[in-house]
Amino acid sequence: MSARQHLVPTPELSKSRSKSKNGVFVNLTLPTCRPPYPLKPPPVLPIWQDVLFGLMSQVPGNPKRSTDAVDPSAKVAPTILLIDDDEALAQGLAKLLEKHRFKVRIATDGRQGLEILQSWAVDLVLTDIYMAEMEGLETIMRLRREFPRVQIIAMSGGSRRLGVDGLSLAKSLGASEIMAKPVQIGDLLATIRKLGLEP
């Protein structure tokens with residue numbers, strides 16, 4: 001229905017002048033017609049909103065709306081930082097952990113591991129004890145001082161060096177758990193679950 005069909009007379013009057021046949025001017029008052037309510041544009045239907053948003057999202061710099069529903073109860077896979085200077089061993093262990101739905105990041109020494117922890121949220125650190133650069137014992141002390149909440153599993157293939165039991169010392173310095181190499185994936189997963197981490 002057009003706006004013209006909604007026009008109705010209102011009490012407001014507008015004046016105009018008219019000339020009669022005998023030359024006499026008379027004042028006439030005519031009613032002013034206005035719509036009974038303010039005219040508003042029709043609402044945009046949701047389907048058009050989706051179309052318009054889709055067109056806008058194609059323009060560089062405009063945000064894209066995700067249509068995927070987010071499940072608030074969905075678990076986030078724990079992130080493990082693996083510190084070991086044996087890259088072949090680290091890569092193999094990382095692949096096994098990823099098959100069990102863990103997220104894994106690798107560092108070749110303690111210094112690089114600490115740099116990763118500055119930028120990434122990590123739930124568990126698996127660290128070797130004896131490495132060429134910053135060793136695991138120093139790494140554990142730094143972790144406990146700078147990241148006290150992170151869980152730590154210390155690993156070592158050489159139980160003693162210079163008469164010192166590295167695994168026992170790692171435990172006393174703050175490691176959550178200790179494991180001797182070679183590490184079996186079943187034992188490692190059981191130890192991780194013992195620390196309360198599940199993929």
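The values are calculated or read from the model by the stated rules, or taken from the named source; none is laboratory data. It should be emphasised that the depicted structure is a prediction, and the values quoted were computed from it without experimental measurement. No Cβ is skipped: glycine too gets one built from the backbone with ideal geometry, and neighbour counts run over all protein chains shown.
Can you work out which of the residues in the stretch 131-171 that are part of a strand (DSSP E or B), farther than 20 Å from residue 89 by Cβ and not polar (S, T, N, Q) is modelled with the highest pLDDT? Talk me through it step by step, then tell me what you get.
Initially, the stretch 131-171 is screened for residues part of a strand (DSSP E or B), giving 151-156, 160-161, 164-165.
Still in the list and also farther than 20 Å from residue 89 by Cβ: 151, 160, 164-165.
Okay, now just the ones that are also not polar (S, T, N, Q), so 160, 164-165.
Numbers: 160: 55, 164: 66, 165: 82.
If we take residues in the stretch 131-171 being part of a strand (DSSP E or B), farther than 20 Å from residue 89 by Cβ and not polar (S, T, N, Q), then 165 is modelled with the highest pLDDT.
Scan the stretch 172-199 for residues that are among the acidic types (Asp, Glu) and modelled with pLDDT of 95 or more and jot them down.
First, the residues of the stretch 172-199 that are among the acidic types (Asp, Glu): 177, 187, 198.
Selection gives 177, 187.
Take the residues in the stretch 88-130 that are acidic (Asp, Glu) and in a loop (DSSP other than H, G, I, E, B); name whichever of them is nearest to the chain's Cα centre (by Cα). Before you say what the answer is, go through the steps one by one.
Of all residues in the stretch 88-130, those acidic (Asp, Glu) come to 98, 109, 115, 123, 128.
Those still in the list that are in a loop (DSSP other than H, G, I, E, B) too: 109, 123.
Working: 109: 28, 123: 16 Å.
Ranking the candidates gives 123 first.
Each row is one residue, and each column tells you yes or no for (1) surrounded by fewer than 16 Cβ atoms within 10 Å (Cβ to Cβ); (2) touching a residue at least 40 places away in the same chain (Cβ under 8 Å); (3) within 27 Å of residue 75 (Cα to Cα); (4) of a type in the set (A, V, I, L, M).
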{"site": "155", "(1), (2), (3), (4)": "no, yes, no, yes"}
{"site": "173", "(1), (2), (3), (4)": "no, no, no, yes"}
{"site": "182", "(1), (2), (3), (4)": "yes, no, no, no"}
{"site": "186", "(1), (2), (3), (4)": "yes, no, yes, no"}
